[in-house]
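**Q** Structure provided below as C-alpha cells; questions to follow.
The values are calculated or read from the model by the stated rules, or taken from the named source; none is laboratory data. Small disclaimer: the values here were computed from a predicted structure and weren't measured. Using ideal geometry, Cβ is built from the backbone for each residue, glycine included, and neighbour counts are taken over all protein chains shown.
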Amino acid sequence: MSSYGTGKENYTFVCPDCGESLAVNASMRDALIEKGCVVCGAAVTAAAFTKASSADAP
C-alpha cells in the first residue's frame, strides 16, 4: 500500500482487550478501526488511540 508514511500524524494504539501497544500512522489507525486488533481481533474504536508526541520525531 503506497499510503504508508505519507501522513505526519502518529498515534499510539493500545488494544482494549489484549493490551497490545503499537505506534501507528493515520492510515494504519484507519485500518485498525475498520478491521480490528491485529493480535486478538477485538473491535477497535478511536478511543484506543492517543496522539503520539512530536517531540520524539527527528
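**Q** In the stretch 39-58, which residue that is of a type in the set (A, V, I, L, M) and modelled with pLDDT under 95 is surrounded by the fewest Cβ atoms within 10 Å (Cβ to Cβ)?
**A** 55
**Q** Would you pick out the residues in the stretch 28-51 that are within 11 Å of residue 10 (Cβ to Cβ) and not in a strand (DSSP E or B)?
**A** Within the stretch 28-51, 28, 29 qualify.
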